[in-house]
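Worksheet: the structure to be examined is printed underneath.
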Amino acid sequence: MQRTAKHGKGWGLVVLLAFVTYALAGCDKAKEVLGRATLPDLGPRLPVAAKIAFDPSVTGATLNYTDACNSPHEINLGEVLESTLLDASDQTFQAVAFPGSAPLKRPQDYDITFALTQKGLLVRTDNVYDRLPAELMLEAVAVFRDQAGKILAERPLKTVYRDKLLLEATQHRCEYASMDAFINNAVVAVAAQFAKEARAVIDPEGRLAGAQRVTGVAVSSAPAAAAAGLSFKATLLDENNDGVLEGGERIKVRVDVVNAGTAPMQGLTVRVAGSQAIVAQFPSAMLPIGALQPGETKAIDFSGTLPPTVAALTAELEVSVAVGGADIAPPQRVTATIRPAQRAGGVTPAPVAHEPVDQVPAANPDFRSPNTYLVAVGIGTYRDQRTTGRRHAAQDANLVAGYLQALGGIPTSNVRLLQDRRALRADLEEAILDWLPPRIAPDSVVIVYFAGQALVTRAGDTYLIPYEGSPDAVTRLYALKDLEAALAKLKSKLTLFMFDGSVTRGAADKRAALKAPRWSLGGPGIVRLIGNAGAQDAVEPESLRHGLFTYYLLRGLRAEADTNRDGEVAVGELTAYLAKTVPAQILPPVSPTSAVASLVLTKTAPSTSAQAR
């Protein structure tokens with residue numbers, strides 16, 4: 001049946017859809033690992049006529065989200081919903097009409113209307129490498145009416161779709177290349193359930209269709225049939241993303257398995273074999289995949305750490321996926337170069353210990369930064385006790401100051417530390433507007449670290465919350481645009497702004513549609529390291545006793561961001577390290593070849609004479 005007209009209103013079947021999404025690679029890669037689901041075979045059509053209509057909440061529905069570079073995007077969700085739900089109706093009923101289509105040749109038997117009540121999209125950004133877990137839950141209730149408008153039945157609908165969003169493989173790595181397929185697959189799952197429930201209401205005994213009603217898709221027991229809809233992709237990932245495996249480096253073999261068929265699959269396993277220099281580092285060489293639903297993708301990771309001392313060689317791995325013990329396709333081969341980790345001068349370093357970061361490292365007497373200035377702010381408690389505090393914010397600010405003095409060579413006289421009740425708005429303004437300006441020269445570096453809370457308005461304007469501030473009183477907050485304007489006037493060689501905290505909304509905006517915080521306001525020479533991917537709570541694991549962003553910031557400054565093993569941590573190394581270890585936004589992205597990327601923040605390898613002392 002052809003559809004050529006725009007679908008309109010109606011009030012027959014009400015479908016209430018509630019989206020709850022928790023949740024990073026180019027378009028080609030997205031097509032490889034995230035297939036687009038299609039409606040399964042729903043059985044013979046029912047010999048009835050249905051009139052389909054859509055409430056304006058569906059026809060005008062959009063889905064807004066912010067990409068990894070904090071740029072807003074809008075998806076026409078209504079178009080996907082309308083098209084997919086009509087496809088499901090076409091496969092369920094012999095005759096379907098909708099506003100603008102040709103009239104039915106006979107009176108309709110049922111009126112069916114779809115109405116959208118809630119929608120929303122969030123992405124979980126606490127993942128490493130290039131993909132982010134996402135979970136989309138759709139809840140609905142279906143109300144059937146007969147020709148006279150009488151309600152025949154109500155059926156709840158509920159489905160959960162899980163997958164991982166992929167970041168585009170471009171320099172900026174901003175957009176989620178698989179977003180369209182992700183939303184399509186979730187909507188297909190809802191449409192398929194609607195079709196099944198419609199059959200259960202209208203033809204409960206399967207007599208109208210001349211066959212038993214659809215109760216689900218049977219699992220294929222033949223490996224050959226299973227393999228027809230299954231595919232997989234194996235990828236080798238290393239810690240610093242340079243494609244070379246070095247001693248002491250964390251590695252992963254990721255296997256993405258896609259079920260593009262119409263039947264769910266059971267008994268899937270994935271196996272890795274080959275060079276024992278790599279395979280021996282994995283706890284197991286075979287992992288179960290579990291059940292894989294139609295349109296679903298699962299990523300299985302073999303993770304390990306290479307020994308500190310390794311021999312130089314070319315390693316080859318063979319990855320295979322099996323159903324019931326039979327391979328679904330020829331094995332895929334992955335090759336990699338292994339080499340010893342080396343510092344400048346050819347000295348193999350000891351592996352970095354993963355001990356707690358609470359102890360400030362010993363000062364490096366060979367590295368001095370007399371032209372670097374630091375304002376470190378940590379607010380763990382607020383005057384207004386209704387404002388949620390950050391348990392470890394004050395101590396985190398103290399540690400950041402200690403690390404940058406010890407390893408970054410910043411003199412004590414170049415540091416302003418503002419904590420809790422000494423972090424009033426007046427204190428922040430005095431440090432930024434009065435203390436910094438007379439000290440800054442064209443070759444100066446300015447670092448502003450803020451651990452605490454921020455507020456975002458419905459327009460996306462961002463405010464830092466000082467000690468006396470609260471979400472109820474914007475006049476007591478410190479506007480980010482004012483901070484960036486003041487920092488831009490300093491004319492320094494580089495300004496780093498670091499934020500580790502939660503982002504809340506104002507009291508007047510609790511029920512308003514929330515825009516993502518605007519962190520990058522165009523101030524020249526400012527690089528922003530934001531430990532939060534949107535309007536959400538910051539991650540502050542009690543086991544770490546630090547904000548997650550600050551914990552990895554300190555580890556990076558200490559040595560772990562030193563990817564070229566030269567004993568120095570530069571801006572480019574630190575931003576790359578944070579981007580792959582925590583849900584951090586780097587605004588603007590730092591090009592590895594830029595002058596900014598080469599600026600040294602800390603020096604972790606003392607000279608021989610210093611070690612002797």
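The values are calculated or read from the model by the stated rules, or taken from the named source; none is laboratory data. Since the model is a prediction, treat every value here as computed from it, not as a measurement. Ideal geometry is used to build each Cβ from the backbone, glycine not excepted, and the neighbour counts take in all protein chains shown.
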> Restricting the search to the stretch 270-284, which residues are under 16 Å from residue 232 (Cβ atoms) and surrounded by fewer than 17 Cβ atoms within 10 Å (Cβ to Cβ)?
Replying inline: 273
> Could you say which residue among 263, 228 is out of contact with any Asp or Glu (no Cβ under 6 Å at 6 or more places or on another chain), modelled with pLDDT under 80 and crowded, with 16+ Cβ neighbours inside 10 Å?
Replying inline: 263
>> I need the full set of residues from the stretch 388-426 which are aliphatic (A, V, I, L, M) and assigned to a loop (DSSP other than H, G, I, E, B), in order please.
In response: 407, 410, 423, 424
> When the residues of the stretch 374-394 are filtered to those that are under 28 Å from the mean Cα position of the chain (by Cα) and of a type in the set (S, T, N, Q), which remaining residue is surrounded by the fewest Cβ atoms within 10 Å (Cβ to Cβ)?
Replying inline: 388
>> The conditions are (1) out of contact with any Phe, Trp or Tyr (no Cβ under 8 Å at 6 or more places or on another chain); (2) modelled with pLDDT of 90 or more; (3) over 27 Å from residue 71 (Cβ atoms), and residue 607 fails exactly one of them. Which is it?
In response: (2)
> Is one or more of the residues making up the stretch 146-164 in contact with a Pro (Cβ under 7 Å, 6 or more places away or on another chain), at pLDDT 80 or above and assigned to a loop (DSSP other than H, G, I, E, B)?
Replying inline: yes
>> For the stretch 285-336: of the residues being closer than 23 Å to residue 260 by Cβ, aliphatic (A, V, I, L, M) and touching a helix residue (DSSP H, G or I) at 6+ places or on another chain (Cβ under 6 Å), which is surrounded by the fewest Cβ atoms within 10 Å (Cβ to Cβ)?
In response: 326
> When the stretch 106-132 is examined, which residues are found to be modelled with pLDDT of 75 or more and either in the same structural domain as residue 235 (by TED's automatic domain parsing) or not aliphatic (A, V, I, L, M) (or both)?
Replying inline: 106, 107, 108, 109, 110, 111, 113, 114
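Quick grid of which residues meet (1) of a type outside the set (A, V, I, L, M, F, W, C); (2) farther than 23 Å from residue 162 by Cα; (3) in contact with a strand residue (DSSP E or B) (Cβ under 7 Å, 6 or more places away or on another chain); (4) in a strand (DSSP E or B):
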{"site": "267", "(1), (2), (3), (4)": "yes, no, yes, yes"}
{"site": "272", "(1), (2), (3), (4)": "no, yes, yes, yes"}
{"site": "278", "(1), (2), (3), (4)": "no, yes, yes, no"}
{"site": "281", "(1), (2), (3), (4)": "yes, yes, yes, no"}
{"site": "288", "(1), (2), (3), (4)": "yes, no, yes, yes"}
{"site": "294", "(1), (2), (3), (4)": "yes, no, yes, no"}
{"site": "298", "(1), (2), (3), (4)": "yes, no, yes, yes"}
{"site": "302", "(1), (2), (3), (4)": "no, no, yes, yes"}
{"site": "309", "(1), (2), (3), (4)": "yes, yes, no, no"}
>> Which of the numbered conditions does residue 254 fail, given that it passes all the others? Conditions: (1) modelled with pLDDT of 80 or more; (2) surrounded by fewer than 16 Cβ atoms within 10 Å (Cβ to Cβ).
In response: (2)
>> For the stretch 59-79, which positions are among the aliphatic types (A, V, I, L, M) and crowded, with 20+ Cβ neighbours inside 10 Å?
In response: 61, 68, 77
>> Cβ contacts < 6 Å: first residue more than 14 Å from residue 440 (Cα to Cα) and in the same structural domain as residue 555 (by TED's automatic domain parsing), restricted to the stretch 408-419; second residue aromatic (Phe, Trp, Tyr) and buried (at least 19 other Cβ atoms within 10 Å of the Cβ), any location; separation 6+ or different chain. Result?
In response: 409/367
>> Tally up the residues in the stretch 544-558 that are among the aliphatic types (A, V, I, L, M) and surrounded by fewer than 19 Cβ atoms within 10 Å (Cβ to Cβ), please.
In response: 1
>> Tell me which strands (runs of 3 or more DSSP E) are completely within the stretch 468-574 and hold 1 or more residues being modelled with pLDDT under 85, or say none if there are none.
In response: 494-505
